[in-house]
Amino acid sequence: MPVIYLTVGTAGAALDQLNFPYGIAYDPAKNGIYVADTDNSRIMYFSVGVRNGTIVAGNNTAGITSTQLSFPRGVYFDSISNSIIIANNGAPNIVRWSIGASNWTLVTGTLDGVAGTASNRFSYLSNVILDPMNNLYVADYSWIHWCKW
């Protein structure tokens, strides 16, 4: 497997910069990686041998509308649906962003941006993964949630 090297010296919002990168997911078909660029509220895609990334989700402005992300932490690439599942920490919810789309759809959580401990709310999201049977696992600061996709 080829190695992708990112050498970023200064945090920023340019296409060759990240600001608090947190989650990472591999796309075997494209042989690239998706990075949750948390403090830029975006998901970046990096190809092998290319220094500049591409913004594939979010728009560098934190928010709770369907075209924005809010401090994403976890990212999972779902090759079956050609989408990324995002632990959208600042919202806090789990969203699915199809590759090439300009907005996300809600998977679980709420749309109001309010954290909580009720069964439909999250407190502090850090990661998300989907298993082969479409079970979604979400790591929250205080809880581990299981959801049927």
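The values are calculated or read from the model by the stated rules, or taken from the named source; none is laboratory data. Remember, it's a predicted structure, so these values are computed and weren't measured experimentally. Glycine gets a Cβ as well: all are built from the backbone with ideal geometry, and neighbour counts include every protein chain shown. For the accessible areas, the whole protein counts, side chains as well, though only heavy atoms, and no ligand, DNA or RNA atoms are used. Shrake-Rupley method; radii C 1.70, N 1.55, O 1.52, S 1.80 Å.
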Q.
Among the listed residues GLY116, GLY109, identify the single one that is open to solvent by less than 60 Å² (accessible area, probe 1.4 Å) and at pLDDT below 90.
A. GLY116
Q) Counting just the residues of the stretch 55-73 that are open to solvent by 20 Å² or more (accessible area, probe 1.4 Å) and outside any loop (DSSP other than H, G, I, E, B), which one comes out farthest from PRO132 (Cα to Cα)? A) ILE55
Q) Of all residues in the stretch 25-63, which are of a type in the set (Lys, Arg) and under 15 Å from ASN82 (Cα atoms)? A) LYS30
Q: Determine whether the stretch 74-92 contains at least one residue that is in contact (Cβ under 8 Å) with a residue 24 or more places away in the chain, crowded, with 21+ Cβ neighbours inside 10 Å and of a type in the set (S, T, N, Q).
A: yes
Q) Just wondering, is there one or more residues in the stretch 21-30 that are in a strand (DSSP E or B), modelled with pLDDT of 95 or more and among the acidic types (Asp, Glu)? A) yes
Q: Could you list all residues from the stretch 130-144 that are within 20 Å of TYR34 (Cα to Cα) and either outside any loop (DSSP other than H, G, I, E, B) or within 14 Å of the chain's Cα centre (by Cα) (or both)?
A: LEU130, LEU136, TYR137, VAL138, ALA139
Q: Restrict the check to the stretch 58-65 and report whether at least one residue is in contact (Cβ under 8 Å) with a residue 40 or more places away in the chain and of a type in the set (Gly, Ala, Ser).
A: no
Q) Which one is nearest to ALA62 (Cα to Cα), of the residues in the stretch 74-129 that are among the charged types (D, E, K, R) and not in a loop (DSSP other than H, G, I, E, B)? A) ARG96
